[in-house]
Amino acid sequence: MDANVPKRGCATTLSDPKNATGSIPAVQVIYAWHDGGGNNYATHAQNIAKIVDRMDWSLDESTNYDQHINLSCRTGYDTSTYSGYAQALVVPEKIENGVIGGETPVDVISADLAAAGYDISNRRYIVFEDFNGTANAYYDPNNSNIGVATADGWASGTMLHELLHLGHPSYVDHSKVTETPDVLSYPDVMSNPYYDWLLDHNFNTYYDPSETTATFYTGNYPDTRLVNVATWPYFTTPTCCDVGYSNDLLTAQERTIEAQAPYGTPSGFTVSGGGWMQVTPPGPDSGTSARYYDGRRSLTMNVQSHANGFVSVTRKPAVTAGQRYKFFAWMTTSTSGNVRLRLSWYNSSNTLLSTTDSSLYGLTTSWAEYSVSALAPANATSVQLSVMSPSGQTFAYQLDALQLNHCNNGKTTDGCRLNG
């Protein structure tokens, strides 16, 4: 089971995991069993620990920021060995009222944990069920301190997915944490069993460790709840800078205009030439930011025929001459139209040096990711990102999930991530 995934270790170690008063907020790992299948803790403890390590690795690998799960361990074990570490991390608990021959509901598990003393306000519990249960995230209304993430299918993606549902007092919605891949074959935020390391690989939603002050809508429009899971106290404080898979250079607002209400003017973007823009109104899948499952946020560029139309990220991110950069954007249209992606290179005096254009892309009614890649030319110190629609056209297209990838990840041939 992922033998090369390094163990994160224990963020806090207690003699009694049921007495965490004064301890840092942390995640407690529970192996749950009942009389239907017996106690197989010795068989499963190391495997569970490896799954948890994989969850932690997934969180850290999702961005170019170093961040981990705060894990709670217990004393009395030699953590220099993996067996000892696993026993310190994973605590067994019998579910007295488990359903023999049927599915054990999550509220039964929660009630048992509370009765056993696992009802501490600065703990969240991930429960590996060694019986017929369900994948779920649950705040027990009868035990206000209990927040549990459960799974009888032991996969790092499944368990991390459920844990992240607990990252907001009123839950992170399924519009933001998908259980299965969407039509574009990628999950939006964080994790699922099929792409369990791609935790928001575009860094374009409310999980954004680079900007802990940024918050984003967690529910469908007109829901007004805002959250940033990166600031959850059960995770370590984000620390710059790992070289992540994408190593993105844009801000949260520049990656997506999701933080603004429909119909408004997207901040952080500028339009010139033939066209005007707005935050896409809510509506059917074909005309909204459907990639993000919420039916509510993307930028709509209304192209006019009299001139080339440009929608640009207003800020010019810093670059280093001679290094490679790659600009990505997701686009769709309800009709048809042609666009190019453009990198405009500037020197330290903000003088335009040159431009790099992509091929001419014919947009379709399906969301697709487009990109352009180039080396920053001599004397370049910044770059502006634009989508250009050639003159002579009248149509509207949706723009979303922008990314400026500094191509130095050391993991792909050219140092850039691949198109989604």
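Each reported figure results from applying straightforward, stated rules to the coordinates on display, with no laboratory input. Keep in mind that what you see is a predicted model, and the values were worked out from it rather than measured. Here the Cβ positions follow ideal geometry from the backbone for every residue, glycine too, while neighbour counts run over all protein chains shown.
Could you work out how far apart the two model spin labels at S359 and A307 are, taking each label as a point 7 Å from the Cα in the direction of the beta carbon, and quote it in nm?
Output for this residue pair reads 3.0 nm.
Tell me which lysines have Cα within less than 21 Å of K94's Cα, excluding those fewer than 8 residues away on the same chain?
In chain and number order, the partners are K18.
On full extension of the chain, what length is gained from D107 through A368, given 0.36 nm per residue of separation minus the C-alpha to C-alpha distance? Show your work: numbers first, answer last.
Values: separation 261, 0.36 × 261 = 93.96 nm, distance 4.14 nm.
Contour length minus the Cα-Cα distance gives 89.8 nm.
Would you calculate the separation in nanometres between label points at A214 and I24, each defined as 7 Å from the Cα along the Cα-to-beta-carbon direction?
The modelled label-to-label distance comes out at 2.5 nm.
Obtain the nm distance between the two label points defined at S144 and T251 by a simple spin-label model: each point lies 7 Å from its Cα along the Cα-to-C-beta direction.
For the pair S144/T251, the computed spacing is 3.8 nm.
Charges only on Cβ, +1 for Lys and Arg, -1 for Asp and Glu: so what's the dipole of segment 1-112 about the Cα centre, in debye to the nearest 20? Before the final figure, lay out each step's value.
On the way: 7 positive and 14 negative charges, 55 e Å.
With Lys and Arg at +1 and Asp and Glu at -1, about 260 debye.
Enumerate the lysines that K50 could reach by cross-link, defined here as Cα to Cα under 16 Å, with residues fewer than 8 away along the same chain left out.
Within reach: K7.
Sort the following peptides by mean Cβ neighbour count (other Cβ atoms within 10 Å, averaged over residues), highest first: 341-349, 53-61.
Working: 341-349: 17.7, 53-61: 23.1.
Sorting 341-349, 53-61 by mean packing, highest first, produces 53-61, 341-349.
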